[in-house]
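Visitor: A single structure is presented below for examination.
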Amino acid sequence: MSSAEAYVPSPQAQAFLDSVESPRYERESVNGLAPFLAQSAPADVLGFYSPDEIEALRPLTGTERDVEDRMPVKITRHYLNLARQSPALRVLVKATPEETADLAGSDDPGFQMDYSPVEGLLHKYEMGLMYVVSTCSAHCRFCYREELISRKEVERQDGSVAKKGLAKIDEITAYIRAHNAEVKANGGLHPETGREKLREILLSGGDPMVLPNARLAAWFAALAESGVESIRVGTKELAFFPDRFDSTFLSMLDRFHETFPDVALRLMVHFNHPDEFLAKDEGGDYIEEASGVLKWIPSTKRAMDGLTSRGWISVENQSPIIKGINDDPRALRILQRAIKRVGGDNHYFFCGRDIVAYRAFNVPIETAWNILNESQKGLSGVENHARLSITHYKGKTEVVAVTSEAIPGVPGTENGVVVLKLLRNALDAPDRGKVCIVGRNPEAIWFDGYEDRVVFDEAGLFEYARMEALVSKAMPVGAEGGA
Ligand code: SF4
(Lines give C-alpha, C1' and ligand atoms only; values in the text may rest on other atoms or scores of the structure.)
Protein backbone atom coordinates (compact mmCIF):
# COMPACT_ATOMS: atom_id res chain seq x y z
CA MET A 1 0.00 0.00 0.00
CA SER A 2 2.88 2.38 -0.65
CA SER A 3 0.50 4.31 -2.91
CA ALA A 4 -1.92 4.93 -0.01
CA GLU A 5 -3.53 8.32 -0.15
CA ALA A 6 -1.69 10.51 2.38
CA TYR A 7 -3.60 11.70 5.43
CA VAL A 8 -3.48 15.48 5.73
CA PRO A 9 -4.74 16.86 9.07
CA SER A 10 -7.59 19.35 8.87
CA PRO A 11 -6.89 22.86 10.26
CA GLN A 12 -8.63 21.95 13.55
CA ALA A 13 -6.63 18.73 13.86
CA GLN A 14 -3.44 20.65 13.07
CA ALA A 15 -4.25 23.19 15.81
CA PHE A 16 -4.62 20.30 18.24
CA LEU A 17 -1.33 18.75 17.10
CA ASP A 18 0.45 22.10 17.42
CA SER A 19 -0.65 22.34 21.07
CA VAL A 20 0.97 19.05 22.14
CA GLU A 21 3.99 19.00 24.44
CA SER A 22 6.28 15.97 24.27
CA PRO A 23 8.71 15.79 27.17
CA ARG A 24 11.31 13.05 27.43
CA TYR A 25 10.88 10.54 30.22
CA GLU A 26 13.65 8.93 32.20
CA ARG A 27 12.50 5.44 33.03
CA GLU A 28 15.99 4.28 34.04
CA SER A 29 15.33 0.97 32.29
CA VAL A 30 17.84 -1.86 32.43
CA ASN A 31 17.98 -3.38 28.97
CA GLY A 32 18.98 -6.99 28.46
CA LEU A 33 20.73 -9.59 30.57
CA ALA A 34 24.17 -8.38 29.46
CA PRO A 35 24.52 -5.78 32.26
CA PHE A 36 23.85 -8.58 34.77
CA LEU A 37 26.08 -11.15 33.07
CA ALA A 38 28.93 -8.63 32.77
CA GLN A 39 28.29 -7.21 36.26
CA SER A 40 28.09 -3.74 34.68
CA ALA A 41 24.57 -2.84 35.88
CA PRO A 42 24.34 -0.12 38.55
CA ALA A 43 25.42 -1.50 41.92
CA ASP A 44 21.94 -1.26 43.46
CA VAL A 45 20.44 -3.18 40.52
CA LEU A 46 22.96 -6.03 40.29
CA GLY A 47 21.52 -8.02 43.16
CA PHE A 48 18.20 -8.36 41.34
CA TYR A 49 19.57 -11.62 39.90
CA SER A 50 21.39 -13.80 42.44
CA PRO A 51 24.84 -15.19 41.46
CA ASP A 52 23.23 -18.65 41.11
CA GLU A 53 20.52 -17.30 38.80
CA ILE A 54 23.10 -15.57 36.63
CA GLU A 55 25.29 -18.67 36.43
CA ALA A 56 22.27 -20.76 35.38
CA LEU A 57 21.46 -18.32 32.56
CA ARG A 58 25.01 -17.68 31.34
CA PRO A 59 25.59 -20.98 29.48
CA LEU A 60 22.32 -20.54 27.54
CA THR A 61 23.55 -17.37 25.82
CA GLY A 62 23.94 -17.92 22.10
CA THR A 63 22.41 -21.41 22.20
CA GLU A 64 18.97 -22.40 20.98
CA ARG A 65 17.83 -22.05 24.59
CA ASP A 66 18.89 -18.40 24.81
CA VAL A 67 16.13 -16.77 26.85
CA GLU A 68 16.60 -13.42 25.15
CA ASP A 69 16.15 -14.84 21.67
CA ARG A 70 12.66 -15.72 22.82
CA MET A 71 12.00 -12.49 24.73
CA PRO A 72 14.45 -9.64 25.47
CA VAL A 73 14.90 -8.75 29.14
CA LYS A 74 13.89 -5.22 30.13
CA ILE A 75 12.80 -3.57 33.37
CA THR A 76 12.16 -0.02 34.61
CA ARG A 77 13.54 1.29 37.86
CA HIS A 78 9.99 1.79 39.18
CA TYR A 79 9.05 -1.84 38.53
CA LEU A 80 12.36 -3.15 39.79
CA ASN A 81 11.75 -1.41 43.12
CA LEU A 82 8.28 -2.95 43.35
CA ALA A 83 9.59 -6.37 42.35
CA ARG A 84 12.16 -6.38 45.16
CA GLN A 85 9.20 -6.59 47.54
CA SER A 86 7.13 -9.01 45.48
CA PRO A 87 7.86 -12.62 44.48
CA ALA A 88 5.02 -12.43 41.92
CA LEU A 89 6.46 -9.39 40.17
CA ARG A 90 9.91 -10.96 40.08
CA VAL A 91 8.46 -13.93 38.21
CA LEU A 92 6.87 -11.48 35.77
CA VAL A 93 10.12 -9.77 34.72
CA LYS A 94 13.00 -12.10 35.55
CA ALA A 95 14.25 -14.53 32.93
CA THR A 96 14.79 -18.13 34.03
CA PRO A 97 16.27 -21.16 32.23
CA GLU A 98 12.92 -22.97 32.58
CA GLU A 99 11.27 -20.71 30.04
CA THR A 100 13.20 -22.23 27.16
CA ALA A 101 13.15 -25.83 28.39
CA ASP A 102 10.17 -26.59 26.14
CA LEU A 103 9.86 -24.32 23.12
CA ALA A 104 6.63 -25.83 21.80
CA GLY A 105 4.07 -23.21 20.74
CA SER A 106 3.09 -20.90 17.93
CA ASP A 107 4.98 -17.91 16.49
CA ASP A 108 1.65 -16.47 15.44
CA PRO A 109 -0.85 -17.42 18.15
CA GLY A 110 -4.40 -17.19 16.91
CA PHE A 111 -3.05 -17.08 13.32
CA GLN A 112 -3.37 -13.32 13.47
CA MET A 113 -1.58 -12.82 10.19
CA ASP A 114 -4.59 -14.37 8.46
CA TYR A 115 -6.51 -11.23 9.35
CA SER A 116 -3.99 -8.57 8.38
CA PRO A 117 -5.18 -6.66 5.29
CA VAL A 118 -2.57 -3.88 5.74
CA GLU A 119 0.84 -4.14 7.38
CA GLY A 120 0.49 -3.50 11.12
CA LEU A 121 -3.31 -3.86 11.20
CA LEU A 122 -5.42 -6.83 12.25
CA HIS A 123 -9.03 -6.65 11.22
CA LYS A 124 -10.53 -9.84 12.59
CA TYR A 125 -13.53 -8.68 14.56
CA GLU A 126 -15.74 -5.63 14.24
CA MET A 127 -12.78 -3.59 15.52
CA GLY A 128 -9.22 -3.18 14.31
CA LEU A 129 -5.96 -3.69 16.19
CA MET A 130 -2.77 -1.90 15.20
CA TYR A 131 0.82 -2.54 16.11
CA VAL A 132 2.22 0.96 16.57
CA VAL A 133 5.45 0.10 18.40
CA SER A 134 7.44 -3.04 19.10
CA THR A 135 8.65 -2.54 22.66
CA CYS A 136 7.35 -1.71 26.14
CA SER A 137 8.96 0.04 29.11
CA ALA A 138 9.62 -3.39 30.58
CA HIS A 139 8.98 -6.85 29.22
CA CYS A 140 6.74 -9.52 30.74
CA ARG A 141 8.29 -12.94 30.35
CA PHE A 142 4.89 -14.43 29.42
CA CYS A 143 4.22 -11.85 26.71
CA TYR A 144 1.93 -13.15 23.97
CA ARG A 145 3.51 -10.66 21.55
CA GLU A 146 6.99 -12.05 21.98
CA GLU A 147 7.28 -12.56 18.21
CA LEU A 148 6.81 -8.82 17.67
CA ILE A 149 8.99 -7.66 20.56
CA SER A 150 11.85 -10.01 19.73
CA ARG A 151 11.37 -9.11 16.02
CA LYS A 152 10.94 -12.71 14.85
CA GLU A 153 9.99 -13.57 11.33
CA VAL A 154 6.50 -15.02 10.96
CA GLU A 155 4.82 -16.72 8.05
CA ARG A 156 2.18 -14.76 6.14
CA GLN A 157 -0.94 -16.14 4.57
CA ASP A 158 0.75 -16.10 1.13
CA GLY A 159 3.62 -18.24 2.47
CA SER A 160 6.17 -15.41 2.62
CA VAL A 161 8.15 -14.94 5.82
CA ALA A 162 8.93 -11.56 7.36
CA LYS A 163 9.00 -9.65 10.63
CA LYS A 164 5.70 -8.14 11.65
CA GLY A 165 5.68 -4.54 10.45
CA LEU A 166 4.28 -1.54 12.26
CA ALA A 167 1.22 0.43 11.25
CA LYS A 168 1.66 3.62 9.22
CA ILE A 169 -0.84 6.45 9.45
CA ASP A 170 -1.33 6.92 5.70
CA GLU A 171 -1.89 3.23 4.99
CA ILE A 172 -4.18 2.63 7.95
CA THR A 173 -6.37 5.68 7.40
CA ALA A 174 -6.64 4.85 3.68
CA TYR A 175 -7.79 1.32 4.58
CA ILE A 176 -10.35 2.58 7.12
CA ARG A 177 -11.77 5.13 4.71
CA ALA A 178 -11.96 2.59 1.85
CA HIS A 179 -13.56 -0.06 4.09
CA ASN A 180 -16.10 2.37 5.52
CA ALA A 181 -16.95 3.75 2.06
CA GLU A 182 -17.62 0.21 0.80
CA VAL A 183 -19.78 -0.50 3.83
CA LYS A 184 -21.75 2.70 3.32
CA ALA A 185 -22.26 2.05 -0.36
CA ASN A 186 -23.58 -1.40 0.49
CA GLY A 187 -26.22 -0.21 2.95
CA GLY A 188 -24.22 -0.60 6.17
CA LEU A 189 -22.56 -4.00 5.78
CA HIS A 190 -19.43 -4.93 3.88
CA PRO A 191 -20.45 -6.85 0.74
CA GLU A 192 -17.96 -9.69 1.27
CA THR A 193 -17.30 -9.98 5.00
CA GLY A 194 -20.63 -8.71 6.38
CA ARG A 195 -18.81 -6.45 8.82
CA GLU A 196 -20.05 -3.00 9.76
CA LYS A 197 -18.05 0.22 9.56
CA LEU A 198 -14.73 0.21 11.43
CA ARG A 199 -15.81 2.14 14.49
CA GLU A 200 -13.17 1.14 16.98
CA ILE A 201 -9.40 0.83 16.75
CA LEU A 202 -6.95 -0.44 19.36
CA LEU A 203 -3.44 1.00 19.46
CA SER A 204 -1.27 -1.85 20.61
CA GLY A 205 2.22 -3.21 20.18
CA GLY A 206 4.32 -3.27 22.29
CA ASP A 207 3.04 -0.49 24.49
CA PRO A 208 1.87 2.70 22.73
CA MET A 209 2.62 4.67 25.91
CA VAL A 210 6.34 4.44 25.14
CA LEU A 211 5.65 6.77 22.20
CA PRO A 212 5.90 10.53 22.72
CA ASN A 213 2.69 12.52 23.20
CA ALA A 214 3.05 14.03 19.72
CA ARG A 215 3.04 10.58 18.10
CA LEU A 216 0.01 9.43 20.08
CA ALA A 217 -1.77 12.67 19.21
CA ALA A 218 -0.99 12.16 15.51
CA TRP A 219 -2.64 8.71 15.64
CA PHE A 220 -5.63 9.98 17.62
CA ALA A 221 -6.31 12.85 15.20
CA ALA A 222 -5.84 10.71 12.09
CA LEU A 223 -8.18 8.00 13.39
CA ALA A 224 -10.80 10.53 14.50
CA GLU A 225 -10.74 12.18 11.08
CA SER A 226 -11.11 8.79 9.37
CA GLY A 227 -14.42 8.13 11.09
CA VAL A 228 -13.27 6.05 14.07
CA GLU A 229 -15.63 6.55 17.03
CA SER A 230 -13.68 4.88 19.83
CA ILE A 231 -9.93 4.67 20.26
CA ARG A 232 -8.44 2.10 22.57
CA VAL A 233 -4.92 2.18 23.94
CA GLY A 234 -3.58 -1.11 25.31
CA THR A 235 -0.96 -0.33 27.95
CA LYS A 236 0.91 -1.72 30.94
CA GLU A 237 2.57 1.61 31.62
CA LEU A 238 0.49 2.23 34.76
CA ALA A 239 2.40 -0.68 36.25
CA PHE A 240 5.81 -0.09 34.64
CA PHE A 241 6.11 3.70 34.77
CA PRO A 242 3.03 5.55 36.09
CA ASP A 243 4.75 8.95 35.87
CA ARG A 244 4.21 8.70 32.09
CA PHE A 245 0.59 9.80 32.75
CA ASP A 246 1.72 13.34 33.59
CA SER A 247 0.11 16.73 33.06
CA THR A 248 1.42 17.03 29.47
CA PHE A 249 -0.21 13.72 28.53
CA LEU A 250 -3.47 14.59 30.28
CA SER A 251 -3.64 18.03 28.68
CA MET A 252 -3.04 16.40 25.28
CA LEU A 253 -6.08 14.21 26.03
CA ASP A 254 -8.12 17.27 27.06
CA ARG A 255 -7.23 19.11 23.87
CA PHE A 256 -8.08 16.02 21.84
CA HIS A 257 -11.47 15.81 23.54
CA GLU A 258 -12.16 19.51 22.90
CA THR A 259 -11.30 18.99 19.23
CA PHE A 260 -13.09 15.65 18.74
CA PRO A 261 -15.76 15.53 21.47
CA ASP A 262 -17.58 12.55 19.93
CA VAL A 263 -14.60 10.20 19.99
CA ALA A 264 -14.32 8.01 23.08
CA LEU A 265 -11.02 6.87 24.57
CA ARG A 266 -10.68 3.48 26.25
CA LEU A 267 -7.53 2.75 28.20
CA MET A 268 -7.11 -1.03 28.26
CA VAL A 269 -4.75 -1.30 31.21
CA HIS A 270 -2.84 -4.36 32.29
CA PHE A 271 -2.41 -5.03 35.98
CA ASN A 272 -1.63 -8.66 36.73
CA HIS A 273 -1.25 -8.44 40.49
CA PRO A 274 -2.15 -5.92 43.23
CA ASP A 275 1.56 -5.68 44.14
CA GLU A 276 1.81 -3.56 40.98
CA PHE A 277 -0.29 -0.74 42.44
CA LEU A 278 -0.84 -1.17 46.19
CA ALA A 279 1.58 0.35 48.72
CA LYS A 280 3.37 -1.99 51.11
CA ASP A 281 4.95 -1.45 54.50
CA GLU A 282 8.47 -2.60 55.34
CA GLY A 283 7.17 -6.01 56.35
CA GLY A 284 5.67 -6.48 52.88
CA ASP A 285 2.03 -6.07 53.94
CA TYR A 286 -0.44 -3.83 52.17
CA ILE A 287 -1.02 -0.55 53.99
CA GLU A 288 -4.54 0.32 55.12
CA GLU A 289 -5.80 3.88 54.92
CA ALA A 290 -7.57 5.25 58.03
CA SER A 291 -10.83 4.40 56.26
CA GLY A 292 -9.82 0.74 56.06
CA VAL A 293 -9.31 0.58 52.27
CA LEU A 294 -5.95 -0.49 50.88
CA LYS A 295 -3.62 2.37 49.99
CA TRP A 296 -2.43 2.76 46.39
CA ILE A 297 1.12 3.66 45.47
CA PRO A 298 0.84 7.49 45.21
CA SER A 299 2.24 7.83 41.65
CA THR A 300 0.01 5.04 40.35
CA LYS A 301 -3.04 6.49 42.08
CA ARG A 302 -2.29 9.90 40.60
CA ALA A 303 -2.12 8.36 37.13
CA MET A 304 -5.37 6.40 37.65
CA ASP A 305 -7.16 9.50 38.98
CA GLY A 306 -5.97 11.52 35.98
CA LEU A 307 -7.72 9.05 33.69
CA THR A 308 -10.83 8.09 35.64
CA SER A 309 -11.66 11.69 36.56
CA ARG A 310 -12.23 12.40 32.87
CA GLY A 311 -15.69 10.99 32.30
CA TRP A 312 -15.21 10.43 28.57
CA ILE A 313 -12.33 8.02 29.21
CA SER A 314 -12.94 4.49 30.42
CA VAL A 315 -10.27 2.41 32.12
CA GLU A 316 -10.59 -1.36 31.76
CA ASN A 317 -8.18 -3.88 33.22
CA GLN A 318 -7.39 -7.16 31.53
CA SER A 319 -4.83 -9.74 32.52
CA PRO A 320 -3.82 -13.29 31.78
CA ILE A 321 -3.69 -15.74 34.69
CA ILE A 322 -0.06 -16.86 34.78
CA LYS A 323 1.70 -19.53 36.81
CA GLY A 324 3.57 -18.11 39.81
CA ILE A 325 2.31 -14.58 39.19
CA ASN A 326 -1.41 -14.39 39.81
CA ASP A 327 -2.72 -17.95 39.98
CA ASP A 328 -3.93 -16.92 43.41
CA PRO A 329 -7.61 -16.23 44.22
CA ARG A 330 -6.76 -13.91 47.11
CA ALA A 331 -4.54 -11.67 44.94
CA LEU A 332 -7.16 -11.56 42.19
CA ARG A 333 -9.92 -10.72 44.67
CA ILE A 334 -7.89 -7.78 46.04
CA LEU A 335 -7.04 -6.65 42.50
CA GLN A 336 -10.65 -6.66 41.24
CA ARG A 337 -11.97 -4.88 44.34
CA ALA A 338 -9.23 -2.21 44.34
CA ILE A 339 -9.52 -1.42 40.63
CA LYS A 340 -13.29 -1.01 40.78
CA ARG A 341 -13.04 1.20 43.86
CA VAL A 342 -10.93 3.81 42.09
CA GLY A 343 -13.11 3.96 38.99
CA GLY A 344 -11.63 1.29 36.72
CA ASP A 345 -13.42 -1.81 35.45
CA ASN A 346 -12.42 -5.45 35.38
CA HIS A 347 -12.79 -6.55 31.78
CA TYR A 348 -11.20 -9.92 31.02
CA PHE A 349 -8.94 -12.46 32.58
CA PHE A 350 -7.30 -14.67 29.99
CA CYS A 351 -6.02 -18.19 29.83
CA GLY A 352 -2.49 -17.91 28.45
CA ARG A 353 -2.12 -18.28 24.70
CA ASP A 354 -0.21 -20.98 22.85
CA ILE A 355 2.86 -18.76 22.43
CA VAL A 356 6.31 -20.32 22.07
CA ALA A 357 7.20 -21.88 25.48
CA TYR A 358 3.64 -21.52 26.75
CA ARG A 359 4.00 -24.50 29.06
CA ALA A 360 6.33 -22.45 31.27
CA PHE A 361 3.64 -19.86 31.91
CA ASN A 362 0.12 -21.16 31.40
CA VAL A 363 -1.98 -22.75 34.10
CA PRO A 364 -4.50 -25.41 33.06
CA ILE A 365 -7.76 -23.98 31.75
CA GLU A 366 -9.86 -25.60 34.47
CA THR A 367 -7.49 -24.37 37.18
CA ALA A 368 -7.68 -20.81 35.80
CA TRP A 369 -11.49 -20.97 35.85
CA ASN A 370 -11.44 -22.24 39.40
CA ILE A 371 -9.01 -19.51 40.54
CA LEU A 372 -11.12 -16.75 39.03
CA ASN A 373 -14.34 -18.24 40.35
CA GLU A 374 -12.88 -18.48 43.85
CA SER A 375 -11.56 -14.92 43.62
CA GLN A 376 -15.01 -13.61 42.76
CA LYS A 377 -16.67 -15.18 45.79
CA GLY A 378 -17.44 -12.26 48.04
CA LEU A 379 -17.09 -9.60 45.34
CA SER A 380 -20.11 -7.44 44.66
CA GLY A 381 -21.95 -7.67 41.36
CA VAL A 382 -20.18 -4.63 39.94
CA GLU A 383 -16.77 -5.82 41.11
CA ASN A 384 -17.06 -9.24 39.48
CA HIS A 385 -17.80 -8.31 35.88
CA ALA A 386 -14.63 -9.92 34.50
CA ARG A 387 -14.96 -13.15 32.54
CA LEU A 388 -12.38 -15.78 31.81
CA SER A 389 -11.57 -15.82 28.12
CA ILE A 390 -9.41 -18.06 25.99
CA THR A 391 -8.63 -16.80 22.52
CA HIS A 392 -9.56 -19.49 20.05
CA TYR A 393 -8.68 -19.05 16.43
CA LYS A 394 -12.38 -18.42 15.76
CA GLY A 395 -12.64 -15.67 18.35
CA LYS A 396 -12.72 -14.82 22.03
CA THR A 397 -14.23 -17.73 23.89
CA GLU A 398 -15.51 -17.60 27.46
CA VAL A 399 -14.80 -20.45 29.82
CA VAL A 400 -18.29 -20.28 31.28
CA ALA A 401 -18.34 -23.15 33.74
CA VAL A 402 -16.50 -26.22 34.92
CA THR A 403 -18.72 -28.83 36.56
CA SER A 404 -17.69 -31.57 38.90
CA GLU A 405 -20.63 -33.81 38.16
CA ALA A 406 -21.53 -35.87 35.13
CA ILE A 407 -24.45 -35.03 32.86
CA PRO A 408 -26.71 -38.04 33.48
CA GLY A 409 -26.86 -40.38 30.51
CA VAL A 410 -24.24 -38.50 28.43
CA PRO A 411 -21.09 -40.54 27.74
CA GLY A 412 -17.80 -38.65 28.09
CA THR A 413 -19.05 -36.45 30.91
CA GLU A 414 -18.27 -38.84 33.77
CA ASN A 415 -15.78 -36.43 35.40
CA GLY A 416 -17.81 -33.32 34.68
CA VAL A 417 -17.67 -30.92 31.75
CA VAL A 418 -16.26 -27.57 30.65
CA VAL A 419 -18.72 -25.19 29.00
CA LEU A 420 -17.21 -22.79 26.45
CA LYS A 421 -19.07 -20.00 24.68
CA LEU A 422 -17.99 -17.81 21.77
CA LEU A 423 -18.07 -14.19 22.96
CA ARG A 424 -16.67 -12.62 19.83
CA ASN A 425 -16.30 -14.13 16.45
CA ALA A 426 -14.41 -13.09 13.36
CA LEU A 427 -16.10 -11.11 10.57
CA ASP A 428 -19.79 -10.45 11.32
CA ALA A 429 -19.77 -12.73 14.38
CA PRO A 430 -21.98 -15.49 12.90
CA ASP A 431 -21.33 -17.86 15.80
CA ARG A 432 -21.43 -15.46 18.75
CA GLY A 433 -23.27 -16.99 21.70
CA LYS A 434 -22.79 -20.56 20.50
CA VAL A 435 -21.61 -23.12 22.98
CA CYS A 436 -19.15 -26.00 23.06
CA ILE A 437 -19.13 -28.64 25.81
CA VAL A 438 -16.14 -30.88 26.41
CA GLY A 439 -15.45 -33.60 28.96
CA ARG A 440 -13.04 -32.45 31.66
CA ASN A 441 -9.28 -32.73 31.36
CA PRO A 442 -7.69 -30.99 34.37
CA GLU A 443 -4.30 -31.03 32.60
CA ALA A 444 -5.47 -29.22 29.45
CA ILE A 445 -3.73 -25.89 28.88
CA TRP A 446 -4.91 -25.39 25.31
CA PHE A 447 -7.80 -26.54 23.14
CA ASP A 448 -5.87 -29.56 21.89
CA GLY A 449 -6.22 -31.04 25.39
CA TYR A 450 -9.93 -31.50 24.69
CA GLU A 451 -9.80 -32.76 21.11
CA ASP A 452 -10.62 -36.33 22.10
CA ARG A 453 -13.50 -35.44 24.41
CA VAL A 454 -15.83 -33.08 22.59
CA VAL A 455 -19.41 -33.73 23.72
CA PHE A 456 -21.25 -30.96 21.89
CA ASP A 457 -19.83 -28.35 19.50
CA GLU A 458 -22.43 -25.95 18.21
CA ALA A 459 -19.69 -23.26 18.22
CA GLY A 460 -17.48 -25.27 15.84
CA LEU A 461 -14.35 -24.85 17.97
CA PHE A 462 -13.10 -28.27 16.94
CA GLU A 463 -14.26 -28.21 13.31
CA TYR A 464 -11.19 -27.24 11.34
CA ALA A 465 -12.91 -27.17 7.95
CA ARG A 466 -15.21 -24.42 9.21
CA MET A 467 -12.21 -22.37 10.33
CA GLU A 468 -10.58 -22.62 6.93
CA ALA A 469 -13.78 -21.39 5.30
CA LEU A 470 -13.72 -18.40 7.65
CA VAL A 471 -10.18 -17.46 6.64
CA SER A 472 -10.88 -17.49 2.94
CA LYS A 473 -13.84 -15.20 3.59
CA ALA A 474 -11.71 -12.87 5.72
CA MET A 475 -9.22 -12.22 2.95
CA PRO A 476 -11.26 -11.90 -0.23
CA VAL A 477 -9.35 -11.29 -3.44
CA GLY A 478 -8.24 -7.67 -3.59
CA ALA A 479 -8.29 -7.18 0.19
CA GLU A 480 -4.62 -8.01 0.66
CA GLY A 481 -2.29 -5.12 1.24
CA GLY A 482 0.92 -4.73 3.14
CA ALA A 483 4.27 -3.25 2.40
S1 SF4 B 1 3.23 -5.12 28.47
FE2 SF4 B 1 2.05 -6.44 27.09
S3 SF4 B 1 3.08 -6.27 25.11
FE4 SF4 B 1 4.50 -5.48 26.68
S5 SF4 B 1 5.78 -7.22 27.28
FE6 SF4 B 1 4.04 -7.17 28.70
S7 SF4 B 1 2.47 -8.52 27.78
FE8 SF4 B 1 3.98 -8.01 26.18
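Visitor: Which value, in Å², gives the accessible area per residue of the chain when a 1.4 Å probe is used on the protein heavy atoms?
Guide: Using a 1.4 Å probe on heavy atoms only, each residue of the chain averages 41 Å².
Visitor: Keeping all protein chains in place and using 1.4 angstrom, which order do Arg141, Arg310, Arg387 fall into by accessible surface area, from largest down?
Guide: Largest accessible area first, the residues go Arg387, Arg310, Arg141.
Visitor: How many angstrom separate the Cα center of the stretch 348-397 from the Cα center of the stretch 59-73?
Guide: 28
Visitor: Which order do peptides 10-16, 242-248 fall in by mean Cβ count within 10 Å, highest first?
Guide: Packing order, densest peptide first, comes out as 242-248, 10-16.
Visitor: Moving on to the next point. R0 = 30 Å: FRET efficiency of Val454 with Ala101, Cβ-based, nearest 0.05?
Guide: With a Förster radius of 30 Å, E is 0.50.
Visitor: Rounded to the nearest 5, what % of DSSP beta bridges with both residues in the stretch 304-419 are antiparallel?
Guide: If I count the DSSP bridges inside the stretch 304-419, around 45 percent turn out antiparallel.
Visitor: For a Förster distance of 30 Å, can you work out the FRET efficiency between the beta-carbons of Ala185 and Arg215, rounded to the nearest 0.05?
Guide: That gives a FRET efficiency of 0.35.
Visitor: If one computes P(r) from the Cα atoms of the stretch 157-233, what percent of pairs lie at distances over 18 Å?
Guide: Counting pairs separated by more than 18 Å, the tail of P(r) holds 50 percent.
Visitor: No solvent, one uniform scatterer per C-alpha: report log10 I(q)/I(0) for the chain via the Debye equation at q = 0.06, 0.07 1/Å, two decimals.
Guide: Once normalised to I(0) and log-transformed, intensities are -0.28, -0.38.
Visitor: Can you find, among Ile54, Phe245, Gly395, the residue farthest towards the positive end of the dipole of the chain? Put +1 on the C-beta of Lys and Arg, -1 on that of Asp and Glu.
Guide: Most positive-ward Cα: Phe245.
Visitor: Can you compute the charge dipole magnitude of the stretch 1-148 about its Cα centre, using +1 on each Lys and Arg Cβ and -1 on each Asp and Glu Cβ, nothing else charged? Give it in debye, rounded to the nearest 20.
Guide: 540
Visitor: Let me ask something additional. Would you check the accessible area of Val315, probe 1.4 Å, heavy atoms only, in square angstrom rounded to 10?
Guide: 10
Visitor: Given a 1.4 Å probe and every protein chain left where it sits, what share in percent of the accessible area of the chain is carbon and sulfur?
Guide: Solvent-exposed carbon and sulfur of the chain make up 51 percent of the total.
Visitor: Keeping every protein chain in place, order Thr173, Thr308 by accessible area at 1.4 Å, biggest value first, i.e. largest first.
Guide: The ordering from most to least exposed comes out as Thr308, Thr173.
Visitor: Using a 1.4 angstrom probe and counting only protein chains, how large is the accessible area of Tyr393 in Å², to 10?
Guide: Looks like 30 Å² after rounding.
Visitor: Looking at the stretch 252-400, what % of the alpha carbon pairs are farther apart than 25 Å?
Guide: When all Cα pairs of the stretch 252-400 are counted, 36 percent exceed 25 Å.
Visitor: For the residue pair Lys163 and Thr403, what label-to-label distance in nm results when each label sits 7 Å from Cα along the Cα-to-beta-carbon direction?
Guide: The answer from the label model is 5.1 nm.
Visitor: Ser150: accessible area at probe 1.4 Å, nearest 10 Å²?
Guide: Looks like 30 Å² after rounding.
Visitor: Could I have the simple spin-label model distance between Thr248 and Glu443, label points 7 Å from Cα toward Cβ, reported in nm to one decimal?
Guide: Each label point lies 7 Å from its Cα, and together they span 5.5 nm.
Visitor: By DSSP, what percent of the beta bridges with both residues in the chain are antiparallel, rounded to the nearest 5?
Guide: So the antiparallel bridges amount to about 50 percent of the total.
Visitor: Would you calculate, for the chain, the mean residue ellipticity at 222 nm contributed by helices, counting each DSSP H stretch of 4 or more residues as -39,500 (n - 2.57) and dividing by all residues, to the nearest 500?
Guide: One gets -8000 deg cm²/dmol as the mean residue ellipticity at 222 nm.
Visitor: Follow-up. May I ask which residue of Gly205, Leu379, Leu89 lies farthest towards the positive end of the charge dipole of the chain, with charges of +1 (Lys, Arg) and -1 (Asp, Glu) on Cβ and the Cα centre as origin?
Guide: The one lying farthest along the dipole's positive direction is Leu379.
Visitor: Then there is this: Using only C-alpha positions, report the orientation-averaged shadow area of the convex hull of the stretch 1-93, nm², one decimal.
Guide: 10.9
Visitor: Mean separation of Cα pairs under 8 Å and 6+ residues apart, divided by the residue count of the chain: what relative contact order is that in percent?
Guide: Relative contact order comes out at 15 percent.
Visitor: Suppose accessible area is computed on protein heavy atoms with a 1.4 Å probe; arrange Asp457, Asp170 from highest to lowest.
Guide: Asp170, Asp457
Visitor: State to the nearest 20 debye the size of the charge dipole of the chain about its Cα centre, where the only charges are +1 on K and R beta carbons and -1 on D and E beta carbons.
Guide: Dipole of the chain, to the nearest 20 debye: 760 debye.
Visitor: Over 19 Å between C-alpha atoms is what I'm after, so list which of Lys124/Lys394; Lys124/Lys164; Lys394/Lys421; Lys236/Lys396; Lys236/Lys301; Lys94/Lys323 land there.
Guide: Lys236/Lys396
The values are calculated or read from the model by the stated rules, or taken from the named source; none is laboratory data. These numbers were taken from a predicted model, which means no experiment stands behind them. FYI the Cβ positions are ideal-geometry reconstructions off the backbone, even for glycines, and counts take in every protein chain you see. Ligands, DNA and RNA are excluded from the accessible area calculation, which covers all protein heavy atoms including side chains. Shrake-Rupley method; radii C 1.70, N 1.55, O 1.52, S 1.80 Å.
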